[in-house]
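J.: I'd like to ask you about the structure that follows.
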Amino acid sequence: MHDPSGLTSRSTPSDTAKSIALHFALLIGATLALTPFFWLICATLKSGEDLFTFTFLPWHDLSRLTTSNFKSLFQQQPFALWMFNSLFLAATQTTLVVTLSSLGGFALAKYQFKGKKLLMLLMLATMLLPGQVLLTGGYELMYNFGWINSYASILVPGAVSVFGMFLFRQAMQTVPDELLQAGRVDGCSELRLWWEIALPIVRPMIGAFTLMSFLASWNSFLWPQIMLQDEIKYNLPMGLANMIQLPEYRQEYGILMAGTLLGIIPVVILFFILQKDFIAGLTSGAVKG
Amino acid sequence: MNRDYSPAPLAPPPPSSHRLWTLQARLAPYLFVLPFILLFCLFLLYPIYRSIVLSFYKSAGPRKEVFIGPANYLFLLKDQLFWLAVANTAAFTLLCLLVQIPVSLILALILNNKRVKLRGVFRFAFFTTHVVGSVFLAVLFSMLLSPRAGLLNRALAVFVGHPVDINWLGEPNLVLPALLLASLWVSVGFGMIYFLAALQAVDKELYEAAEVDGANKWSQFWNITLPGIKPVLIFMILIGTIAGFQLFELPYVLFQGGAGPKSRGLTIVMYLFQHGFEAGNLGYAAAIGWVLVLMILAVAILQIRSMRATQES
């Protein structure tokens, strides 16, 4: 309803009611989003029978809570190793892909060079293809390289990201040419211009793309599942996905939930730290374009 | 940041190092993109080319390959399991978008309201689910949906007043709802973030002008908000379609490496995986991959065209 005076619209009773309704809707939504997390945490702390008896926690007797699920997880499976593998793979791959993409994106945004148009065209064309089309040709290539069951098959192809190149190209366009020119006059090499002038300016994009790459690697399953064979080389999703297929874990909800929680917590923390950059970087292309 | 931009009072460099200096300036862009180009050609372009070639071969592992022409594609047309996978995948994608887009938009509209307090907290709450990887999501939901201890049946029991014993992962007709529930949990907040960014980019003055003209909230939504966020809406539908057609990990892990009851959880990528990497026929898998590409492109072109058509009318 339009209020012609425009002055009384601050705190009428209908406005208060509206405000309460809005917050109520949000609260329901947030409950739906967060309850599975809470249920998951509760499930990891309950032993066998309590899992089936109590929906969340045995509130009347919290001494029944146990850490035995986590202990069993680490004793029965090489779970610590899988976590370490995932951390190593995600950290290495993220470092490589952020470095290469920011360097390449800088060149695409700030330099003219032969073949640039053709390169961008080829990049755009591959971006339209779903990654699964690479599985067969990629498998064959890895087989010919002798990289099956080695981390090279994950880290080396994982260092290239067309999406990352475009993200950084877009971000690097905001770097003022005058600043680069001033740097050149000061005697900076082109590599130092990238490191000392361009990178600090696109720092939010580095945060966003770091989180995106880390998430993608940490959560990756299909390609590692095809490439890695030894159980000791599994990453965390592979380890957990193979555990859930074992008959002895069919009823061991607590142990499986403990593994799931440990797979989620690191990225939730990372997201909490980098969320502003992440959201800005994620939506920048879509809203501007 | 107290940089001095005045020309440096340096003596001109000696000629030989001057040549080196111009050389590094000239070669820099090539050296910067060189690592990317090498990896791009070797690990993207070449595998794409090989997967086109492979799709015309019958193979048992990467070493035994026999040229069979377009037979893989012809067989695919008559392969009933493949079409079941297509039907499952398409139904999932369509239903997922039909729920995700409106719910995400409504949430974003609410969060964008000036009256809302603690916007950051709510935004974080809705969006955190997005960081949960597909495998973790699948393991979590295999427990949430379990008949006896699962949260969903417990919650339903509270509403209906008696214990509920629905076997969400065992009934063929419940496979699709189970997959939808799990993927909506991670995708609604993701969509909301995009719509929120789009809403904040809509020109505020348009609303003020509409207020002056006496337009009500509903007509403001149809005439200002919706046209304003249309690019993001199209983008959301497009990436939702692409992601939906690539569904694999969620059903694969949820149904313990299988396709679920009556293969209702079989998706196109799962079928590709089964042929290429469980049965070892890379050729047939490659053909499935290219048919998937054609389907995604066809749907994307259709969507963009229909969007353009509605824009012109």
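The values are calculated or read from the model by the stated rules, or taken from the named source; none is laboratory data. Keep in mind the model is a prediction, meaning the values are calculated, not measured. All Cβ positions, glycine included, derive from the backbone under ideal geometry; neighbour counts span all protein chains shown. Quick note on the areas: whole protein, heavy atoms, side chains included, nothing else; ligands and nucleic acids left out. Shrake-Rupley method; radii C 1.70, N 1.55, O 1.52, S 1.80 Å.
J.: Just to confirm my numbers, what's the Cα centroid distance between the range B:240-313 and the range A:188-216 in Å?
T.: 34 Å
J.: Ok, one more. Over 26 Å, how big is the tail of the calculated P(r) for chain A, in percent of all Cα pairs?
T.: Value for chain A: 61 percent of Cα pairs lie more than 26 Å apart.
J.: So what is the calculated 222 nm ellipticity per residue for chain B, using -39500 (n - 2.57) for each DSSP H run with n of 4 or more, over all residues, to the nearest 500 deg cm²/dmol?
T.: The per-residue figure over chain B is -22000 deg cm²/dmol.
J.: Using a probe of 1.4 angstrom, how much of the accessible area of the range A:13-66 is carbon and sulfur, in percent?
T.: Heavy-atom surface of the range A:13-66 belonging to carbon and sulfur, 1.4 Å probe: 74 percent.
J.: Using only the heavy atoms of the protein chains and a 1.4 Å probe, how would B:His130, B:His162 rank by accessible area, largest first?
T.: Reading off the accessible areas and sorting them downward yields B:His162, B:His130.
J.: Follow-up. As a quick test, which of the pairs A:Lys71/B:Lys117; A:Lys233/B:Lys64; B:Lys58/B:Lys262; A:Lys18/A:Lys276; A:Lys114/B:Lys58 have an alpha carbon distance above 31 angstrom in this structure?
T.: A:Lys71/B:Lys117; A:Lys114/B:Lys58
J.: I would also like to ask the following. Using the basic label-point model (7 angstrom from Cα toward the beta carbon), what is the B:Tyr46 to A:Val185 distance in nanometres?
T.: 4.6 nm
J.: Also, quick follow-up: Averaged across A:260-271, how many Cβ atoms of other chains sit within 10 Å of each residue's Cβ atom?
T.: Across the residues of A:260-271, the mean count of other-chain Cβ atoms within 10 Å is 4.
J.: With a ≥ b ≥ c taken as the square roots of the eigenvalues of the C-alpha gyration tensor of chain B, please select rounded if a/c is under 1.5 and otherwise prolate if a/b is larger than b/c or oblate if it is not?
T.: Judged from the Cα gyration tensor, chain B comes out oblate (a/c at least 1.5, b/c at or above a/b).
J.: Between A:Gln112 and A:Thr95, what length comes free when the chain is fully extended (0.36 nm per residue of separation minus the Cα-Cα distance, one decimal in nm)?
T.: Full extension of this stretch gives 3.5 nm more.
J.: Given a Förster radius of 35 Å and the C-beta distance between A:Asp61 and A:Asp230 as r, what FRET efficiency does 1/(1 + (r/R0)^6) yield to the nearest 0.05?
T.: Plugging the Cβ-Cβ distance into 1/(1 + (r/R0)^6) gives 0.20.
J.: Now a separate question. Would you kindly find the accessible area of B:Arg119, with a 1.4 Å probe and non-protein molecules such as ligands, DNA and RNA excluded, rounding to the nearest 10 Å²?
T.: Result for B:Arg119: roughly 80 Å² accessible.
J.: Once you average over the residues of A:26-39, how many Cβ atoms of partner chains fall within 10 Å of each Cβ?
T.: Other-chain Cβ atoms within 10 Å of each residue's Cβ, averaged: 6.
J.: When the label point is put 7 Å from the Cα of A:Asn149 along its Cα-to-beta-carbon vector, which residues of the range A:204-237 have a backbone N closer than 17 Å?
T.: Of the residues in the range A:204-237, A:224-235 have backbone N under 17 Å from the label point off A:Asn149.
J.: With helices defined as uninterrupted DSSP H runs, which ones in chain A have an alpha carbon span along their own long axis of at least 20 Å and mean Kyte-Doolittle hydropathy of at least 0.5?
T.: A:13-44, A:79-110, A:203-218, A:253-288
J.: Continuing with this model, one more query. Just A:Pro58, A:Pro200, A:Pro13 to compare: in a GNM of chain A, with alpha carbon springs under 10 Å, which one fluctuates most?
T.: Evaluated over chain A, the most mobile residue of the options is A:Pro13.
J.: I'm a student and want to see the number: the projected area of the Cα convex hull of the protein assembly as shown, averaged over all directions, in nm².
T.: 35.4 nm²
J.: While we're looking at this one, here's another question. With a 1.4 Å probe and every protein chain kept in, tell me what percent of the accessible surface of the range B:15-71 is carbon plus sulfur.
T.: 73 percent
J.: Expressed as a fraction of 2.2 N^0.38 Å, the rule-of-thumb size for a compact globular protein of N residues, what is the C-alpha radius of gyration of the range B:118-234?
T.: With N residues counted in the range B:118-234, Rg over 2.2 N^0.38 Å equals 1.49.
J.: Moving to a separate point now. Between B:Glu278 and B:Val53, what is 0.36 nm times their sequence separation minus the Cα-Cα distance? Round to one decimal in nm.
T.: Result for the pair: 78.9 nm of gain on full extension.
J.: Same structure again: Stretched out fully, how many nm does the piece from A:Leu81 to A:Thr31 gain, at 0.36 nm a residue minus the Cα gap?
T.: 14.6 nm
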